[in-house]
Each structure stands twice: as C-alpha cells, then as structure tokens.
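See below for the structure under consideration.
The values are calculated or read from the model by the stated rules, or taken from the named source; none is laboratory data. Fair warning: this is a prediction, and the values are worked out from it, not measured in the lab. No Cβ is skipped: glycine too gets one built from the backbone with ideal geometry, and neighbour counts run over all protein chains shown. Ligands, DNA and RNA are excluded from the accessible area calculation, which covers all protein heavy atoms including side chains. Shrake-Rupley method; radii C 1.70, N 1.55, O 1.52, S 1.80 Å.
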Amino acid sequence: MARIDELFRYLVANKGSDLHLSEGQPPKIRIHGSVSAIPGQEVLAGLNFKDMLAEICDPVAFGRYLQSGDLDFAYEMDEQSRFRCNYLKQQNGLGAVFRLIPTEIASLEDLGVPPAVKEFAYMRSGLVLVTGPTGSGKSTTLAALLDYINTNYNRHIITVEEPIEFVHSNKKSIITQREVPIQTPSFADGLRAALREDSDIVLVGEMRDLETISLALTAAETGLLVFGTLHTNHARKTVDRIVDVFPADQQSQVRTMLAASLRGVVAQLLCKRIDRPGRTAVHEIMFATPAVSAIIREGATQKLYDVITGGKGEGMQFMDESIWSKLREGIISPEEAYMKAIDKTRFKKFLPKSLEHLGDASGESPLDH
C-alpha cells in the first residue's frame with residue numbers, strides 16, 4: 001500500500017472532493033467547497049514528501065515532472081477510488097492536487113441536469129460545448145451524457161483526455177479512450193487522428209488552444225459530433241472566447257464556421273447548498289436556432305440573452321433563471337445566488353442588510369472576468 005493511500009482513505013471517508021499537498025504545509029482537503037487541514041498530520045517536507053509523490057507515479061513521468069514542474073496523470077487506489085493527479089512546483093518546493101473521480105458514472109437525472117440536455121445525444125454532427133470554471137462538474141456531466149449515448153445508441157465514441165477520468169465500458173456503443181500525452185501527444189493530435197478512425201462522436205477534454213479549436217470546428221463541419229469543454233461561465237462568453245482565440249483577420253470566417261457547426265452550449269456552475277451539506281449545479285442552456293446562428297455570424301453576441309430567455313419552449317435556460325429557481329426553493333442562500341449571478345441587481349434586494357456591501361456599483365459578475 002502506498003503511503004499516500006492513508007490520506008486518500010481519509011478524503012473518501014469524509015466525502016471530500018480534493019486533496020491538497022504542499023511542501024511546508026500539512027495535508028488539506030476540500031469538502032463541499034471549503035478547504036481545511038487534516039487533523040493530526042505533520043507538515044510535508046523534504047525527501048519523505050518527494051518519495052511519497054514518486055511512489056504512485058511512473059518513474060519516467062516523475063523525472064519529467066522534476067524537470068518541468070508540472071504533470072497530470074490518473075491513479076487508481078482500488079476499484080472504488082480513482083484520482084486525477086496534478087503535480088506542480090510552488091515557492092516552498094513540491095506540491096500536488098488530487099481530485100477524487102467517482103468510479104460509478106451518475107445519470108443525468110441523478111446530477112439534476114435539465115432534461116433538455118439529452119437533445120444533444122440525438123444529434124449526428126456539430127459542436128456541443130460544456131463550459132464552466134474549474135471544479136464545476138463539466139467532466140461529470142459529459143461522462144453522464146456519453147453514458148446515456150453508450151446505453152441507447154450504436155456509435156463509435158473517441159475521447160481525448162488529460163488524464164482519463166471516468167472509465168467507460170462498451171454498452172451499445174464502442175468507446176475508445178485516449179490519454180494525452182501517453183496514447184496521443186496532444187489534444188490536437190488525438191482529434192486529427194479521430195477523423196481517420198471511423199468515429200461518430202469525439203470528446204475533446206479541453207479546447208485550450210487555436211489548433212485544437214480549429215480542428216474541432218473542422219471535425220464538426222465534416223460530420224462528426226464533437227463535445228468540448230471551455231472555462232467560460234455562460235453562452236455569450238463561450239462564443240466570444242472561441243472567436244477571440246483566432247487572429248483578427250480570421251475572425252469573420254470563424255464566426256461563419258461556428259454559426260454553421262455549433263449545436264449548443266451547456267454552462268454549469270456549482271452553488272453551496274443551505275438545505276443540506278453539499279453543492280447543487282445550476283445551468284445555462286442554449287440551442288443553436290436559426291436566430292442564434294445569425295447572431296453568431298453578425299458578431300452581435302449581446303443579443304444572445306434575449307434569444308435564450310425567449311427560448312424556454314425549446315428547452316433553453318438563462319443562468320440567472322436556474323439560480324433564481326434554486327433560491328426560491330430554499331436550496332441556496334441569497335449571498336450564494338448574488339455571487340454566482342450574471343445580473344446582480346436582480347438578486348441584491350434579497351441580501352440581508354449586513355451583506356449589502358457585497359453589491360458593487362457596476363452590477364457586474366466576478367465570473368465575467
């Protein structure tokens with residue numbers, strides 16, 4: 001048994017989501033969004049800590065980490081406990097963050113994802129983006145959507161991930177999972193190869209650079225259904241981010257490509273619950289209707305708000321509506337609703353007097369930056 005397994009067992013037993021290890025600090029875990037030290041643990045330091053990290057890592061990869069200062073991989077402690085591992089260097093020495101990956105893939109219903117999201121499973125081509133900040137459950141939602149497709153349709157699904165998080169077994173579909181940089185050097189290489197591998201659906205773990213985004217748009221145009229993730233908080237920002245990655249002289253052409261290939265955006269945030277321990281997801285959902293496509297082509301993304309709020313009948317949902325319904329049901333607090341909302345003025349009046357200083361004159365969301 002690896003020495004670090006004791007800390008992982010504590011994390012699992014206490015229903016934590018992340019384990020944080022930093023040289024010069026005691027081990028800490030995140031539970032329901034809050035980080036605290038593990039009681040009775042000593043400060044991590046020196047060769048002991050280095051050996052602890054090396055014990056669960058491929059020696060060649062660990063050598064690469066000591067040189068470059070960053071490493072991503074997955075570690076399986078037992079059948080029930082799998083971790084996404086990120087090794088880093090920080091001002092006091094070595095460090096690592098481990099995210100617990102559920103081995104059971106939850107259903108879309110279990111996750112509280114709106115039923116309209118299943119529409120994306122029926123599509124045969126185009127680009128679907130699942131977005132949100134780090135730790136907002138994007139991977140979990142995408143795993144549930146792929147599992148729904150796997151259970152109901154005969155498709156060849158290729159995933160390109162860094163690292164592989166949820167492990168899928170073949171049901172009706174064939175699922176090929178490839179890890180960056182072990183089975184394919186980069187997201188772009190994995191996506192390029194998928195075009196030659198008789199795939200129907202490709203999941204790109206992260207669309208972080210121009211080459212990957214450009215290939216995703218091309219693959220979506222040529223008849224693949226491409227699922228990708230971005231670190232944006234709502235649909236308008238997502239469209240802007242895709243276009244802004246490209247040089248100014250290419251942006252008009254990219255808007256045309258995106259207007260033709262985008263099928264929809266699901267933006268997700270996690271809010272702290274007040275009715276019981278834990279967090280709940282809130283969603284913005286946009287489907288690419290003819291009106292949405294026209295807005296993207298024009299570059300007038302500020303008009304998307306009206307289309308989304310007017311598209312309830314088609315399953316669309318604005319983020320603030322989702323936050324509002326959780327507040328009304330007593331699931332989240334007025335402060336949490338205010339902090340996560342896009343239009344803050346709507347929620348400011350619900351803040352208790354003692355917290356009215358949270359309101360800023362701009363009414364802008366911190367998530368917009």
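Being in a helix (DSSP H, G or I), charged (D, E, K, R) and either without any contact (Cβ under 8 Å) to a residue 12 or more places away in the chain or in contact with a Lys or Arg (Cβ under 6 Å, 6 or more places away or on another chain) (or both) narrows it down to one of Asp240, Asp189, so name that one.
Working: Asp240 fails: either without any contact (Cβ under 8 Å) to a residue 12 or more places away in the chain or in contact with a Lys or Arg (Cβ under 6 Å, 6 or more places away or on another chain) (or both).
Result: Asp189 is the single residue among Asp240, Asp189 that is in a helix (DSSP H, G or I), charged (D, E, K, R) and either without any contact (Cβ under 8 Å) to a residue 12 or more places away in the chain or in contact with a Lys or Arg (Cβ under 6 Å, 6 or more places away or on another chain) (or both).
Output the residue which, of all residues in region 260-280 that are of a type in the set (A, V, I, L, M) and touching a Leu at 6+ places or on another chain (Cβ under 6 Å), is surrounded by the fewest Cβ atoms within 10 Å (Cβ to Cβ). Even if it seems obvious, please write down each step before you answer.
Of the residues in region 260-280, the ones of a type in the set (A, V, I, L, M) are 260, 262, 265-267, 269-270, 274.
Adding the requirement that they be touching a Leu at 6+ places or on another chain (Cβ under 6 Å) leaves 262, 265.
Numbers: Leu262: 24, Val265: 27.
If we take residues in region 260-280 being of a type in the set (A, V, I, L, M) and touching a Leu at 6+ places or on another chain (Cβ under 6 Å), then Leu262 is surrounded by the fewest Cβ atoms within 10 Å (Cβ to Cβ).
For region 256-354, which fully contained helices (runs of 4 or more DSSP H) count at least 1 residues that are touching a helix residue (DSSP H, G or I) at 6+ places or on another chain (Cβ under 7 Å) and polar (S, T, N, Q)?
Ranges flagged: 290-298.
Of all residues in region 103-152, count the ones that are within 18 Å of the chain's Cα centre (by Cα) and at positive phi.
Summing the residues that are within 18 Å of the chain's Cα centre (by Cα) and at positive phi in region 103-152 gives 4.
Of the conditions (1) at pLDDT below 95; (2) small (Gly, Ala, Ser); (3) over 29 Å from Gln80 (Cα atoms), Gly205 satisfies every one except a single condition; which number is it?
The number of the failed condition is (3).
Have a look at Arg263, Arg273, Arg297 and point out the one that is under 25 Å from Ala248 (Cα atoms), under 24 Å from the mean Cα position of the chain (by Cα), among the basic types (Lys, Arg) and at pLDDT 95 or above.
Arg263
Might you let me know whether region 67-78 holds any residue that is in contact with a Cys (Cβ under 6 Å, 6 or more places away or on another chain), of a type outside the set (Asp, Glu) and over 26 Å from Ile274 (Cβ atoms)?
Yes - at least one qualifying residue is present in region 67-78.
Go through region 281-293 and give me each residue that's open to solvent by 10 Å² or more (accessible area, probe 1.4 Å) and in contact with a Lys or Arg (Cβ under 9 Å, 6 or more places away or on another chain).
As a first pass, look at region 281-293 and keep what is open to solvent by 10 Å² or more (accessible area, probe 1.4 Å): 281, 287-291, 293.
Within region 281-293, Phe287, Ala288, Ala291 meet the criteria.
Scan region 162-173 for residues that are of a type in the set (D, E, K, R) and modelled with pLDDT under 95 and jot them down.
Of region 162-173, the ones of a type in the set (D, E, K, R) are 162, 165, 171-172.
Glu162, Glu165 - these are the residues of region 162-173 that are of a type in the set (D, E, K, R) and modelled with pLDDT under 95.
Of the conditions (1) farther than 22 Å from Ser125 by Cα; (2) open to solvent by less than 70 Å² (accessible area, probe 1.4 Å), Leu230 clears all except one; give me its number.
(1)
Write out, first by first residue and then by second, each pair whose Cβ atoms fall under 8 Å of each other, whose residues are 6+ apart or on separate chains, and whose first residue, in region 75-91, is touching a residue at least 60 places away in the same chain (Cβ under 8 Å) while the second is in a strand (DSSP E or B) and among the small types (Gly, Ala, Ser).
Within 8 Å, the pairs are Arg82/Ala74; Phe83/Ala74; Arg84/Ala74; Cys85/Ala74; Cys85/Ala96; Gln90/Ser22.
Of all the strands (runs of 3 or more DSSP E) wholly in region 61-166, which have at least 3 residues that are out of contact with any helix residue (DSSP H, G or I) (no Cβ under 7 Å at 6 or more places or on another chain), charged (D, E, K, R) and open to solvent by 40 Å² or more (accessible area, probe 1.4 Å)? Show your work before the answer.
Numbers: elements: 70-78, 81-90, 93-102, 126-131, 156-161.
In region 61-166, the matching strands (runs of 3 or more DSSP E) lie at 70-78.
Tell me, yes or no, whether region 131-138 has at least one residue that is touching a strand residue (DSSP E or B) at 6+ places or on another chain (Cβ under 6 Å) and of a type in the set (Lys, Arg).
Scanning region 131-138, I find at least one residue that is touching a strand residue (DSSP E or B) at 6+ places or on another chain (Cβ under 6 Å) and of a type in the set (Lys, Arg), so the answer is yes.
Pick from region 175-219 the residues that are farther than 22 Å from Asp147 by Cβ, in contact with a helix residue (DSSP H, G or I) (Cβ under 9 Å, 6 or more places away or on another chain) and among the charged types (D, E, K, R): which of them is most open to solvent (accessible area, probe 1.4 Å)?
Arg208
Only one residue in Leu53, Leu11, Leu21, Leu44 is open to solvent by less than 30 Å² (accessible area, probe 1.4 Å), assigned to a strand (DSSP E or B) and of a type outside the set (Asp, Glu). Which one? Give the steps one after another, and end with the answer.
Numbers: Leu53 fails: assigned to a strand (DSSP E or B); Leu11 fails: assigned to a strand (DSSP E or B); Leu44 fails: assigned to a strand (DSSP E or B).
Unique residue meeting the criteria: Leu21.
Considering each of Ile213, Ile174, Ile201, Ile157 in turn, give the residue that is of a type in the set (A, V, I, L, M) and either touching a Cys at 6+ places or on another chain (Cβ under 8 Å) or without any contact (Cβ under 8 Å) to a residue 24 or more places away in the chain (or both).
Among Ile213, Ile174, Ile201, Ile157, only Ile174 is of a type in the set (A, V, I, L, M) and either touching a Cys at 6+ places or on another chain (Cβ under 8 Å) or without any contact (Cβ under 8 Å) to a residue 24 or more places away in the chain (or both).
As an exercise: evaluate His32 against (1) surrounded by fewer than 18 Cβ atoms within 10 Å (Cβ to Cβ); (2) modelled with pLDDT of 95 or more; (3) in contact with a Pro (Cβ under 8 Å, 6 or more places away or on another chain) and give the number of the one condition it does not meet.
(2)
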